[in-house]
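Here the structure is laid out as structure tokens; the discussion comes afterwards.
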């Protein structure tokens, strides 16, 4: 399944890994989301792009549009989804002499 340039790899029956085809397949950041159709027919998306979490959709088309939108937002300069958190500076532990 393909939608707006993203690659949908079927990894099991009713389960897909959605990848950014512009990144090497060996790059973990290439995976945008995982999608699974649950037994109740709802599509559950596990986000790996931007803020982590899950979201459910009634139709696969709705999930595909949401994935494409989030992926596009993560690529925009200045978007909070475009950058990873800044590491917090810390000092080394005090040594006891």
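Just so you know, all these numbers are worked out from the coordinates, no wet-lab data involved. The model shown is predicted, which means the values in this text are computed figures rather than measured ones. Note: ideal-geometry Cβ built from the backbone for every residue, glycine included; neighbour counts use all protein chains shown.
Would you work out if segment 1-64 is rounded, prolate or oblate? Take a ≥ b ≥ c from the square roots of the eigenvalues of the alpha-carbon gyration tensor; rounded if a/c is under 1.5, else prolate when a/b is larger than b/c, oblate otherwise. Here segment 1-64 falls in the prolate category.
Sorting 38, 96, 70 from the fewest to the most surrounding beta carbons within 10 angstrom yields 96, 38, 70.
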